[in-house]
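Data first, discussion second: the structure below is written as structure tokens.
The values are calculated or read from the model by the stated rules, or taken from the named source; none is laboratory data. Computed from a prediction, not measured in an experiment: that's the story for all the values here. Neighbour counts run over all protein chains shown; Cβ positions are idealised from the backbone, glycine included. Note: areas computed on protein heavy atoms with side chains; ligands, DNA, RNA excluded. Shrake-Rupley method; radii C 1.70, N 1.55, O 1.52, S 1.80 Å.
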Amino acid sequence: MLKRDYDTQTCSIARALEVVGERWSLLIVRSVFLGVRRFDDLLEDLGITRSVLTARLKRLVDEGVLERVPYQERPRRYEYVPTKKGVELFPITMHLMRWGDLHYPDPKGPPRIVEHRDCGGHPDDHLLCDRCGEPLTPRNVVSLPGPALN
């Protein structure tokens, strides 16, 4: 996390980075958007240590970006789902992914392909489906392995 010693900066970006600016935080949010929501699945998906994942999830929950929702009673287990505040990060993560694919491409192609569940279209520059024009959200897209992961 950033140190809170930038007294001379009144900056919304700096305040936002306090919550999602640490490398693992946005990658956790990305994975949750892509459907990886359980602790052990996040560990495997991210290749992160248990202690770092625990700390980042706690911070994201405390900040209201993610919510812990029970999915099993015995033993009690939780999954992490984006809150309304968290869903508002979806366009940021999508644009960052698109920017990375454009400026830092893998020679084999993109690692992930995002598709609209309803028609198979892809996000355009405004995160509208390039086939049907519907706005894309975490609830109506699916992420498939791209050429770089095959």
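Summary table below
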| item | result |
| --- | --- |
| Test result for L128, open to solvent by 40 Å² or more (accessible area, probe 1.4 Å), closer than 30 Å to R15 by Cα and touching a residue at least 60 places away in the same chain (Cβ under 8 Å) | no |
| From G109, G121, residue being touching a Cys at 6+ places or on another chain (Cβ under 6 Å) and open to solvent by less than 50 Å² (accessible area, probe 1.4 Å) | G121 |
| Top-ranked residue in segment 9-36 [being open to solvent by 70 Å² or more (accessible area, probe 1.4 Å) and not in a helix (DSSP H, G or I); ranked as modelled with the highest pLDDT] | T10 |
| Residues located in segment 103-137, provided they are part of a loop (DSSP other than H, G, I, E, B) and acidic (D, E) | D106, D118, D124, D125, D130, E134 |
| Pairs with Cβ under 6 Å, 6+ apart, first in segment 53-67 and on the phi > 0 side of the Ramachandran plot, second outside any helix (DSSP H, G or I) and at pLDDT 95 or above | G64/T83 |
| Hits in segment 37-66 - residues which are among the β-branched types (V, I, T) and open to solvent by 30 Å² or more (accessible area, probe 1.4 Å) | T49, V52, T54, V61 |
| Looking only at segment 86-106, and only at residues there that are more than 18 Å from the chain's Cα centre (by Cα) and without any contact (Cβ under 8 Å) to a residue 40 or more places away in the chain, the one that is least open to solvent (accessible area, probe 1.4 Å) | P105 |
